[in-house]
1. At what distance in angstrom do the alpha carbon centres of segment 402-423 and segment 46-105 lie from each other?
2. Would you mind working out the accessible area per residue for segment 275-315, using a 1.4 Å probe, and quoting it in Å²?
3. How big is segment 287-352 in terms of Cα radius of gyration and Dmax, in angstroms?
4. Can you give the net charge of the other residues whose Cβ lies under 13 Å from the Cβ of Lys255, counting K and R as +1 and D and E as -1?
5. Net charge within 15 Å of Tyr31 by Cβ-Cβ distance, Lys/Arg positive one each and Asp/Glu negative one each, not counting Tyr31 itself?
6. Taking amide hydrogens as modeled 1.01 Å from N in the peptide plane, which residues meet the under 5 Å criterion relative to Ala273, leaving out close sequence neighbours?
7. So, R0 is 35 Å and r is the distance between the beta-carbons of Arg380 and Ala276; what FRET efficiency does that work out to, to 0.05?
8. Between their Cα atoms, which of Lys255/Lys290; Lys55/Lys168; Lys55/Lys76 are more than 29 Å away from each other?
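The values are calculated or read from the model by the stated rules, or taken from the named source; none is laboratory data. Because the structure is predicted, anything quoted here is derived from the model rather than measured. Every residue, glycine as well, gets a Cβ built from its backbone with ideal geometry; the counts of neighbours run over all protein chains shown. Ligands, DNA and RNA are excluded from the accessible area calculation, which covers all protein heavy atoms including side chains. Shrake-Rupley method; radii C 1.70, N 1.55, O 1.52, S 1.80 Å.
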Amino acid sequence: MIKLNRASGVLAHITSLPGPNGIGDIGNEAYKFIDFLYKCNQKVWQILPLTASEKPSPYSGTSAFAGNPLLISLEKLVDNGLLVQSDIESNRPTFGDRIEHNKVFQWKPNILNRAYNNYKQNYLGKLKNEIDTFAKKEHYWLDDYTLYMAIKAEQNNQTWSKWPQGLKQYDKKVLEQKRHEHADAIDQHRFLQYIFFQQWHQLKRYANQHEITILGGIPPDSIERHGQLWNNPIYDWTGNLRKTNFDWWTRRLKKCLKTVDVLRIDHFRGLEAYWAIPMGSDGKPKSPSKGAWIKACGDEFLTAVIKVLGNDLPLIVEDLGHLTKEVFDLRDKYGLIGMRVLHFAFGSDPNNLYLPHNYVQNCVVYTGTHDNNTSLAWFRQNATKKEKENLIKYLQKEGDPEHNINWDLIRLVHASVANLSIVLFQDILGLAEDCQMNNPAFTPDYEENWNWRFKWKQLKQSDKDKLKLLTNIYGRYRPKERLEESTK
């Protein structure tokens, strides 16, 4: 059983970092953010998925293993001699305060392509051995990913189900021919993956040296009246996955735990049972209300994972949404760390699972997640009259109820018995409207979503002092001690 030591941290994705190139990256601003966390006695930086994506949503990945090239630091490529500063600045668009995804998607890949060409012309001998070593080590996913991306470009970025039969049915002879045809494009994707993971592991090393643990992911489930339709294919749990003893999943988790220190499994309830929506005669999915719960094989899966990766896996599970006793039993059988979200706490009675007095130690508590509004905006816009009244009573607050409500909620999670408390960075900044990272009502390719970024001038010294003070008061910082997992 894994138990996290008492600590606190901040949730902010890489893309939300400031910088001149239209989107946050794993360059200098990320190091500066780690310095901020360290100075405020924070022990955890929670991020969203780093996987490659061609849409604004980091959850719409083109691979479960590959890193997102758009997060590569161009300035670090200048430091490495693969670019010069004029390569970046000569045709850089004028970017606004938020991420303009279409501009970034059109501009940044061209700069990365220039770095690849510079590598071929000037640094082939210097880096080739390192890239070859990387490719050999990561071949189990890298070979197929690079080929897939090359073919996807050839097919005008159509989804694979619309490709010619030989390609979408994985005809090995046809695919081998494509490997020869697209050798240069495959090499470029291999180069970008090498660069991404080189830069990422340098950043992660810096974080760990400063006693900061990297925690990956977290999407809560906000159900709409008629249900949600995500258009995700269903895992073949009882077919090929079971036959291979869940080897693909085990490799995926192993790779993730080399990329981050602690990992969260999204929508954990889907390992016990998942909502499957049938396809209509027109080839499109029916309404979510036409679906049904299908039993999964989470027990077998977790047994297989533990057998390969060990008992003490640093896993947090998103036990939110439509929960049953079976979901909790599965979580507790394997000693997995659950979640609480404070925004969900004030709509019912004192037995509400998300109220701080009902927490257990071995859980992670959030003011809100990236799918929630900021705490100030939640109080103004989303909280019902009943929720506001219950919150004010819980706080025993007098005077203007909205005054410092973000810090009231931060204080509640930090004061709780939960071993780990995570705060939205927007709450520390005291931000309100139009600063929500993701609105689940929007589709993954909606450009006005996933576009929030901050500026350092928004972070006041008084905010840093208050965060550090609350962290210390409630015992979430111990000098010279890293956040580590210990067996119970």
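1. Cα centroid of segment 402-423 versus Cα centroid of segment 46-105: 33 Å apart.
2. Working: 2440 Å² over 41 residues.
It amounts to 60 Å² per residue over segment 275-315.
3. 15.0, 43
4. On the way: positive: Lys137, Arg251, Arg252, Lys254, Lys258; negative: Glu138, Asp247.
Residues close to Lys255 contribute a combined charge of +3.
5. Values: positive: Lys32, Lys39, Lys76, Lys204, Arg205; negative: Asp25, Glu29, Asp35, Glu75, Asp79, Glu211.
Neighbourhood net charge equals -1.
6. Correct list: Ala296.
7. Values: r = 38 Å, r/R0 = 1.08.
Taking R0 as 35 Å, the efficiency between Arg380 and Ala276 is 0.40.
8. Values: Lys255/Lys290 36 Å; Lys55/Lys168 22 Å; Lys55/Lys76 24 Å.
In this structure, Lys255/Lys290 exceed 29 Å between Cα atoms.
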